[in-house]
Amino acid sequence: MHEHLKKDPLLKKVIEQASQTLSLALPKKDIYLALVRSIVGQQLSVKAAATIYQRFRELFPDNYPTPKLVVAAELDTLKAAGLSKQKATYIKNVAAFAIEGGLDFEVLNNQTDEEIIKTLITIKGVGRWTVEMLLMFAFQRPDVFSVDDLGIQQAIKKLYQLDEEGKALKAKMKTIADAWKPYRTLACLYLWQLKDNTPIDNKNAKK
C-alpha cells in the first residue's frame, strides 16, 4: 500500500516525513451512530464537534441515542446539546432511515462505494461528502477520494503547487489521484496530516 503510494515522488516525501505511519483500521459496524457523528461534526472544529456529540449522547440512557428515542425526542431537547435546529432535524432523518432498516452494515457493505453513496444521500441532510467520510472512517474502504473536501484541496494545492480553482482544480486533483488507486483513502489520510496534523478538519469540509 505505502510502496504503491510512494511511486508518486511528492506523496513519498509526505509519507516519509509524517509524524506516524498511517493505516486503515477495522470497520465500525454501527453505521447509524457513525453517520450521526458525522452530521454533528459538519462545519465544526474537531474539538467543538466532540463536545457537542458527547452532550448529545448524554441525553439518552446508557449514552446511546437509539433511533426510536431520537425520532421521539423534541427538537428543543436535541438543540439543548448544542445542535442547530437543522442538524437536529437531519439526525432525526437518519434515525428514521435506520428504523426502516436502511443502515444495516452487512447489507450496505455488500454494495460498491457509489451504490452506498446513492443510497445514503437520499436522506435529507446527508450529502456526498458526509458519505465519503463514512466510507473512509466507518466502512474503511481503501479507495475513496473526496474531491470536495477543502482540507484535501488545500493540501494538494500546497504539495503540487497548483493555482487552479473550482472545476479546474478538481479535475487536476482527480488526475493526480488516479495514480494512487486503489489506495486513495490512505493518501487522503496523509494529506490531512500534511495540512494540519489532524485526521479530519470538519470546519473545512462540505456536507
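The values are calculated or read from the model by the stated rules, or taken from the named source; none is laboratory data. Keep in mind the model is a prediction, meaning the values are calculated, not measured. We place every Cβ from the backbone using ideal geometry, glycine too, and count neighbours over all the protein chains shown. Heavy atoms of the whole protein, side chains included, go into the accessibility calculation; ligands, DNA and RNA do not. Shrake-Rupley method; radii C 1.70, N 1.55, O 1.52, S 1.80 Å.
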Notebook entry, point to check: On the given criteria, is Gln161 free of Cβ contacts under 8 Å to residues at least 60 places away in the same chain and on the phi > 0 side of the Ramachandran plot?
Noted result: yes
Check: Does the stretch 30-47 hold any residues that are of a type outside the set (D, E, K, R), over 18 Å from Gly101 (Cβ atoms) and either open to solvent by 60 Å² or more (accessible area, probe 1.4 Å) or free of Cβ contacts under 8 Å to residues at least 40 places away in the same chain (or both), and which are they?
Finding: Gln43, Val46
Note to self: Condition first: closer than 11 Å to Leu135 by Cα, touching a residue at least 24 places away in the same chain (Cβ under 8 Å) and open to solvent by 40 Å² or more (accessible area, probe 1.4 Å). Now tell me which residues in the stretch 93-112 satisfy that.
What the structure shows: Asn109
Check: What is the one condition in (1) under 15 Å from the mean Cα position of the chain (by Cα); (2) modelled with pLDDT under 95; (3) more than 18 Å from Ile39 (Cα to Cα) that Asp149 does not satisfy?
Finding: (3)
